[in-house]
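Any read-out appearing in this document is the output of simple, stated calculations on the displayed coordinates, not a laboratory observation. All values derive from a computational prediction rather than experimental measurement. Note that each Cβ is placed from the backbone with ideal geometry, even for glycine, and that neighbours are counted across all protein chains shown.
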Amino acid sequence: MKFAGAVALGLAIMMGAPASAAAQTAMPNFKEMSGSVLPTSEIPAGTVSVRLVRGGPDKPLSKQDVEFLIDGKSRRATTDEIGRAQVSALPRGARVRAVAVVDGERLESQEAVVENSGLRILLVATDPEAVKRAAEDKALAASAAVKGIVVLGPESRIIAEMSNDRLNIYYILQIINSARTPVDIGGPLIFDLPREARSSVVLDGSTPKATANGPRVTVTGPFAPGITVVQAAYELPYSGPVARVEQRWPAALQQLNVFVQQIGGLSINSPQIASKRDVVEQGVILGTGPGLAAGQSMTLEISGLPHHATWPRTLALSLAGIIAAAGIWGAATANPRRRAV
């Protein structure tokens, strides 16, 4: 079975759905953003504002010289207490580049052209403490695994999609190890899918440690620090307007997120869902709820499913049975005289 249709849906949801504040398990690498230029309407056209920081926005560098090269000519400014320096009243079409030197490290922005908005530039100096910690993290990540636990992160989600009259269920799971070393949870992480699940598969983009076998997805350890991604899918057969999903979570789920395609009359209901809303730009209904403990089951009903009524077939079979029975009875009770003729 192919699950390509909802893979795109799942990726769109991952990119477009609002993230929980607790989901910020990995900070962006601000050093990689150094020198970037962002047009903005928050400051007047012709104004170029530079933010100078060490490692990230939480460490601004004040009283530092910043050189603005404007059409090859130099203009200097000094950063304030939040690490900001700026020049203004630049003519449209002027070409600008910002340069700063911090502890011998030269930081230089991309060249930008002044147009109809202001420009913001970020310059990020190296943070020795962050470099040291990154080296320590790398060494610890390569060390032997220790006993520990993992959780299913708040960006984990369940997606229901109809495709060719089939109900496909997707699990996009973030297995989080918050330790700085690999952890051994004492065995594999096993997801026993609903008994009715068919054609279970692990999708591209998942850890190679994840496998699907019948109604079961298994993820072997040890688990590296950070996030291990598992994306799995299966078909859930149904016969009426409502399908039921029961899933026991082998690790604590930090937040329940359920998405269903916004087609026809599809809807979702669960005692664990605290709120529902339409995400119009993604074409889905989003249900959210609080976290679930390890070993706790989630019960989910997907309603409004397209189906064919079974009563005409049942009635036809019943009538056929009655007619056949009547024929047999009639033959058995026929008038003996008429049989003798």
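The table below gives the values:
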quantity: At 1.567 mPa s and 4 °C, Stokes diffusion of the stretch 30-130 via Kirkwood alpha-carbon radius, µm² per second; calculated: 97 µm²/s
quantity: Full-stretch length increase - Asp103, Glu246 - with 0.36 nm per residue and alpha-carbon distance subtracted; calculated: 45.6 nm
quantity: Distance between the stretch 71-89 and the stretch 162-228 - C-alpha centres, whole angstrom; calculated: 51 Å
quantity: Net charge over other residues, Cβ less than 10 angstrom from the Cβ of Gln86 (K, R count +1; D, E count -1); calculated: +2
quantity: Largest-first principal axis extents of the Cα set of the stretch 109-236 (Å); calculated: 59, 47, 21
quantity: Contact order relative to length of the stretch 30-130, as percent, for alpha carbon pairs under 8 angstrom and 6 or more apart; calculated: 42 percent
quantity: Pair Ala274, Ser62: separation of 7 Å Cα→Cβ label points (nm); calculated: 4.0 nm
quantity: Net charge, Leu286 excluded, C-beta distance under 15 Å - Lys, Arg +1, Asp, Glu -1; calculated: -1
quantity: For Gly291, residues with placed amide H under 5 Å, excluding near neighbours; calculated: Leu256
quantity: At R0 = 56 Å, FRET efficiency that the Cβ-Cβ distance of Ala89 and Thr299 yields, to 0.05; calculated: 0.30
quantity: Simple spin-label estimate for Gln110 and Thr211 in nanometres, 7 Å along Cα-Cβ; calculated: 4.5 nm
quantity: Local net charge near Ala144, Cβ-Cβ under 14 Å (Lys/Arg +1, Asp/Glu -1); calculated: +1
